[in-house]
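See structure below.
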Amino acid sequence: MKRAGRFQHLSRSLLFRYLLILLAALLFVPVILPLTVTLYSLFSGLSREAPPKEYEIYSSVKKLETLWHEEAGRLLDQPPEAVSQRLRVLSETYHLARIFWVDEGGRTQLVTEPSGPLLLSGGEAAAAIPARWTASQAVAFMKNSAELKPLAIVAFIGDRAEAGQGFMVMQIPEEIIQIRNSAGIDKWYTIVMMVFLLTFMVSSWLFFIMIRKRLLRLQTAMSFTGDEGLPQAVPPGKPDEIGRLEEAFNTMVTELKASRAREAEEEELRRRLVADLSHDLRTPLTVIRSHLHVLGKEELSERGQSSLELMDQRIENLGTLIENLLSYNLLNSGRITLNLERKDVLRLVRESAAAWYPVWEKEGYRIEIDLEAAPLYWEVDESWFRRVLDNLFQNILRHARSGLYVGIGTEIRDGRRVIIISDHGGGLGQPSGSAGAGLGLSIVDLLVKRMELEWSMENTGQGTEVMIWKRPGG
């Protein structure tokens, strides 16, 4: 069972499939090529007409050579008349071939012409037999005979050269022995090889095109997200490496969707909890502050009055924190819609600074306000822009008390008009003795971005500087 499972797993592999293609290509040469030759011989034989019956005695060149050498051996030490007589008898049997013999002096003694035309390669008539042979003619004849132009079976009379009786020849036309033309089989091999190579290339191309198509589909699923901001699952494919990758990807998408659903559920629970706590805490704080106000009218010692003022201050801070928490929850959930209008933001800064002026003055802050007379129009929600300023001013009051300085002005920086609010406190990252500033600045960040503005908060060496400017194109 374990081996069967391994084989099934291997058979589903892309590597295994491509190895099968390569194996088929390797088996082509030792297996397919001989098969094609056999088929070629079979079909070419069926397509050709059967040769005449008189051609059968010429069908085997090997048998003819054996016969010719046996006849030459029998003519050992025979006179020329006997040799000529025997060759005439043979010519009657092999009347389609030319038979002649040449004595030891190089003289042609007998030539029997075939009853049909003797053809050479290319269809030309057979060359005439010279009456007297020279050495060069004999060498050329032997060379042409070895090259089958036309087929010539040569044997020394007596079947050995030392007999000194000359040689005898049988020339057989090519069309009779039906010598196979190598060009036909070469053409067949070429066609088969081209078909094989084309098949291999197409198979490999289709194999990799299929892989590329599936990978591109997976890449598209990874790149494009749906309404939830998550990639979409892909239809499961074949159970190979890419199929397992698709399965893993679909599992990841399922887990991400489940995680996103849990996150949304937890976020909604948190928002409801913050909203309920904010509402529930406001009522007792209001009651406590009212009783503190009543208690302040009673006669108290100096120490009691100081404690009363400290409690009132802490309750006020707690109320501000609850208000910020509720505002942040509402803004972050998108339940508050901002009404953006074209407003002179410098006028809003002046009015907000005037409201905070007595508070800063009471705490001993040095106040410098340098705002231009020319208006600065931005698209803002007036009430929430005031909230941005209030949070920044509150941050200075709570965390920059060591510097006792507030600076409010406008400047031209990088070609744009910016609002600058600065202090001489400890700067960013320095302990201020008061906690809770992070929530107020988070509200500032949310509101500034919702109104398509930009802001930054940096250390200047003397304290902290906040810049607000209009977003390019906003």
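Any read-out appearing in this document is the output of simple, stated calculations on the displayed coordinates, not a laboratory observation. In this text the structure is predicted, and so the values were computed from the model without any measurement. Note: ideal-geometry Cβ built from the backbone for every residue, glycine included; neighbour counts use all protein chains shown.
Using 0.36 nm per residue, how much length does the chain from VAL111 to LEU256 gain when fully extended, once their Cα-Cα distance is taken away?
Full extension of this stretch gives 42.1 nm more.
Which of the peptides 347-358, 414-425, 383-394 is most tightly packed, and how do the rest follow, judged by the mean count of other Cβ atoms within 10 Å per residue?
By packing density, highest mean first, the sequence is 383-394, 414-425, 347-358.
For the pair TYR377/ASP445, report the inter-label distance in nm, with labels modelled 7 Å from Cα in the Cβ direction.
Spacing of the two 7 Å Cα→Cβ label points: 3.2 nm.
Provide the gained length on full extension for the span GLU65 to VAL89, in nm with one decimal, where the gain is 0.36 nm per separating residue minus the Cα-Cα distance.
6.9 nm
Can you give me the pair-distance distribution of the stretch 338-470, C-alpha pairs, 5 Å bins, whole percents?
Going from the shortest bin to the longest, the percentages are 2, 10, 21, 25, 22, 14, 5, 1.
If you take the beta carbon distance between ALA233 and LEU404 as r and set R0 to 41 Å, what does 1/(1 + (r/R0)^6) give as a FRET efficiency, to the nearest 0.05? All intermediate terms of the calculation are to be shown ahead of the outcome.
Working: r = 61 Å, r/R0 = 1.49.
Calculated transfer efficiency: 0.10.
Say R0 is 41 Å: what FRET efficiency, to the nearest 0.05, do GLU309 and GLU411 get from their beta-carbon distance?
Efficiency computed from Cβ-Cβ geometry: 0.55.
Give the cross-link partners of LYS143 among the lysines, using a straight C-alpha distance below 23 Å as the criterion and excluding same-chain residues fewer than 8 apart.
LYS62, LYS63
Which pairs, out of LYS297/LYS362; LYS343/LYS470; LYS213/LYS238, put more than 20 Å between their alpha-carbon atoms?
LYS297/LYS362
Using unit Cβ charges (K, R positive; D, E negative) and no other charged atoms, how large, in debye to the nearest 20, is the dipole of the stretch 338-470 about its Cα centre?
For the stretch 338-470, the charge dipole is close to 180 debye.
Under a plain spin-label model, where a point goes 7 Å from the Cα along Cα-to-Cβ, how far apart in nm are ASP77 and GLU323?
14.8 nm
Given 0.36 nm per residue, what is the gain on full extension from ILE21 to LYS297 after removing their alpha carbon distance, in nm?
Gain on stretching ILE21 to LYS297: 89.4 nm.
Cα to Cα, under 19 Å, and not fewer than 8 places away if on the same chain: which aspartates and glutamates meet these conditions relative to LYS449?
The qualifying aspartates and glutamates are GLU341, ASP344, GLU379, ASP381, GLU382, ASP390, GLU458, GLU465.
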